1. Taking the condition away from chain B (no Cβ under 14 Å), under 29 Å from the mean Cα position of the chain (by Cα) and in a helix (DSSP H, G or I), does A:Glu268 pass?
2. Among the numbered conditions (1) buried (at least 17 other Cβ atoms within 10 Å of the Cβ); (2) more than 10 Å from every other protein chain (Cβ to nearest Cβ); (3) free of Cβ contacts under 8 Å to residues at least 60 places away in the same chain, tell me where A:Asn279 comes up short.
3. For the subset of the stretch A:240-260 comprising residues that are touching a strand residue (DSSP E or B) at 6+ places or on another chain (Cβ under 8 Å) and part of a helix (DSSP H, G or I), which member is nearest to the other protein chains (Cβ to nearest Cβ)?
4. Looking at the stretch B:49-61, I want the residues that are over 16 Å from B:Ile34 (Cβ atoms) and have a partner that is among the small types (Gly, Ala, Ser) and more than 14 Å from DNA strand D (Cβ to nearest atom) with Cβ atoms under 7 Å, at least 6 apart or on another chain. Which pairs are those?
5. Any residue at all in the stretch A:286-293 that is modelled with pLDDT under 90 and surrounded by 16 or more Cβ atoms within 10 Å (Cβ to Cβ)?
6. In the list A:Glu262, A:Glu216, A:Glu255, A:Glu205, which residue meets the criterion of being at pLDDT 80 or above and not assigned by TED's automatic domain parsing to the domain that holds A:Met323?
7. If you scan the stretch A:37-64, which residues turn out to be more than 37 Å from the chain's Cα centre (by Cα) and near DNA strand D (Cβ under 7 Å from one of its atoms)?
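The values are calculated or read from the model by the stated rules, or taken from the named source; none is laboratory data. What you see is a predicted model, and the numbers here were worked out from it, not measured in a lab. Positions of Cβ are backbone-derived with ideal geometry, glycine not excepted, and every protein chain shown enters the neighbour counts.
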Number of protein chains: 2
Amino acid sequence: MRVEEALGERKLKILHAIIQNYLETGEPVGSRTISKYTDLNLSSATIRNEMADLEELGYILQPHTSAGRIPSDKGYRLYVDLLMEEKEQELDELQEQMLEKADKMDQLLKQAARVLAANTNYATMVSAPVNSANKIKFIQLTQLDEEQIIAVIVLGGNVIKNKIIAVSEPLSNENLLKLNMLLNTTLNGMPIEQINLGLIAMLKEQAGSHGDVVGEVLDAVADAIQIDEDMQIYTSGTTNIFKYPELSDKQSAQEIISAFEEKQQLTELVTRTLAQEENTGIQVYIGDETPVQTMKDCSIVTATYELGDGMKGTIGIVGPKRMDYEHVLKSLKHLQNELDAIFHKKP
Amino acid sequence: MRVEEALGERKLKILHAIIQNYLETGEPVGSRTISKYTDLNLSSATIRNEMADLEELGYILQPHTSAGRIPSDKGYRLYVDLLMEEKEQELDELQEQMLEKADKMDQLLKQAARVLAANTNYATMVSAPVNSANKIKFIQLTQLDEEQIIAVIVLGGNVIKNKIIAVSEPLSNENLLKLNMLLNTTLNGMPIEQINLGLIAMLKEQAGSHGDVVGEVLDAVADAIQIDEDMQIYTSGTTNIFKYPELSDKQSAQEIISAFEEKQQLTELVTRTLAQEENTGIQVYIGDETPVQTMKDCSIVTATYELGDGMKGTIGIVGPKRMDYEHVLKSLKHLQNELDAIFHKKP
DNA sequence: GTTAGCACTCAACAAAATCGAGTGCTAATC
DNA sequence: GATTAGCACTCGATTTTGTTGAGTGCTAAC
């Protein structure tokens, strides 16, 4: 608000025009262009004066003397926060493609990333839902054969974990039953963070006489329950960055694509996004604002979706700073709703 | 053999020298270079004459008049088949990195891809093991809560599948027990291809009176068992292709990287590789020989590894045609053994 | 405060010039 | 007959130079 006042309406309009034009063309925009293609009815000279001011204020900058102006990060920020008007538009295509086939979660998410990439022409990522504060809902051990026991553990949000445990001697049916009872009564409803060595030791004690085998099994179960540190992230359209010359020189392309392949940095991004608590769940990082230094020449827009039970995932779009913010935000919101709907419909 | 005779030893030596030099530099190699940097003691003029012959025979070619020569696909092929001498070398590093941490299969494979990429400077892929002729080893249905049943299915090679089934009305304990019995007696040991609608119908009949719920459950189980058509493939070092100018123009890079991200084509490659039955399990595709047209300017080297139970997976390396075949083959064999060892040690 | 006009800047493009690696061919040599 | 030195020639790559035009800043007039 204050910024808006301080700048004055005319400057704002000019800034808006510059940004919009730059978003379309990717070329620095000059005073003449603005003078001609807006309804401001000002000569290029006047625009030049205003532009000089805007540059001094840090909203735009010149790549080199005697070039037009391009928006600075600060300029983009103002644009996203104030200037952008969200125009409604149809986008049912997305929906249809989406619902087509979506029985398995991972396929669904991969598909989501793909559709979003196709729809926006940027690189996209979708993280599988995680829940740091998840609880155990159900545990069961079953004898698979003489030497193996299979443990099935169901967490909140119906996340299932399996582990096959090799045992040196078979467990009696009776013991297995007891063990199941014990595990369920003790662990049921327990947040997984609370499962630590101490607890395991206690369990072993309670299990008592059955000796080593029980110990082995309990250790294995504890191991299986641990949160897997690397979350699943699906990406698509990474090569879309080649469509934007400012990102597609070898150096940048190399870095960005690597980041998308190795996922490490994306994980960080997701974690950060999920941590941040905002009402809409949508966040925009412009240039240097990014949590991931590799992408300091990009803009990143992220959204979170929910599954209930506190399970959350992230959708993200990475593109050039001159990304079509309106379109991206719209698509993202749409997909967000879509996912919410799907997950709440079929649990 | 015949080729070797036909060419004559000197031509072979020259060809060898040309290829080796080209592998290192990536630049067309001229007669002078060969004349100077080999122990042939021939003048550049002589080399030129020989080169003219080699070109006529199709083993090398000129990118343009008055440029040096580069190997043709046919030349590479000869090199791989005959000329290459596998020199032994240490490579324990690989092994160490490998064993460091490898409890979960997917992490292990991802790690394998990564190590291989780092080691070779090419793009790599590792497919998770699949088994088209897999059998059911164990099935169990358990009541999770009032409205949900969880199905756990274990296949050969200890592949586990889960499915949560929503039921409209709870199943009685007794019915559940019967159903479990039925499933195990009928399906145990059965190859998953044989599970089709007919069989399901028969099962439903045998289950008899229990009505719709059983039907629902059986359908769900059948669904869960189906082979998931898209296999898991882990990639790494895709951006290594930027290191090779001949692959890193926008067009090619774009295509190759896309192929690595979207995996569709890699799946095809893996399928093809697994189908091919060769003793060593190692295959080399040079240029146009590739099953994946996108990579017609690359060479691809693949190897299969085994888990027993007929489960097989693939490791692959994609790089420029002037790849360091010796090194690649060596690394690949090494990793192949490594994986075999790991999997056979800890089942 | 706005605008017309002008000198100036500078990236981008294109044409021209230069360079040099490499070739094929011929004639001399072993 | 095989090898080699030598030379004219080719052609991509690089550098140089010139040209263009979009765009600026500044000044003076409106």
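1. Here the answer is yes, as A:Glu268 does meet what is asked.
2. Against the list (1) buried (at least 17 other Cβ atoms within 10 Å of the Cβ); (2) more than 10 Å from every other protein chain (Cβ to nearest Cβ); (3) free of Cβ contacts under 8 Å to residues at least 60 places away in the same chain, A:Asn279 comes up short only on (1).
3. Of all residues in the stretch A:240-260, those touching a strand residue (DSSP E or B) at 6+ places or on another chain (Cβ under 8 Å) come to A:240-241, A:244, A:246-247, A:256, A:260.
Going one step further and asking which of them are part of a helix (DSSP H, G or I), we end up with A:240-241, A:246-247, A:256, A:260.
Details: A:Asn240: 9, A:Ile241: 10, A:Glu246: 14, A:Leu247: 12, A:Ile256: 9, A:Phe260: 8 Å.
Looking at residues that are touching a strand residue (DSSP E or B) at 6+ places or on another chain (Cβ under 8 Å) and part of a helix (DSSP H, G or I), I get A:Phe260.
4. Once the first residue is over 16 Å from B:Ile34 (Cβ atoms) and sits in the stretch B:49-61, its partners that are among the small types (Gly, Ala, Ser) and more than 14 Å from DNA strand D (Cβ to nearest atom) give B:Gly58/B:Ser72.
5. Taking the stretch A:286-293 and keeping what is modelled with pLDDT under 90, we get none.
Scanning the stretch A:286-293 turns up no residue that is modelled with pLDDT under 90 and surrounded by 16 or more Cβ atoms within 10 Å (Cβ to Cβ).
6. Going through A:Glu262, A:Glu216, A:Glu255, A:Glu205 in turn, just one is at pLDDT 80 or above and not assigned by TED's automatic domain parsing to the domain that holds A:Met323: A:Glu205.
7. Result: A:Ser44, A:Ala45, A:Arg48, A:Ala52.
Results for (1) touching a strand residue (DSSP E or B) at 6+ places or on another chain (Cβ under 7 Å); (2) within 13 Å of DNA strand C (Cβ to nearest atom); (3) aliphatic (A, V, I, L, M), shown as yes or no for each residue.
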| site | (1), (2), (3) |
| --- | --- |
| B:Ser43 | no, yes, no |
| B:Asn49 | no, yes, no |
| B:Pro63 | yes, yes, no |
| B:Gly68 | yes, yes, no |
| B:Gly75 | yes, no, no |
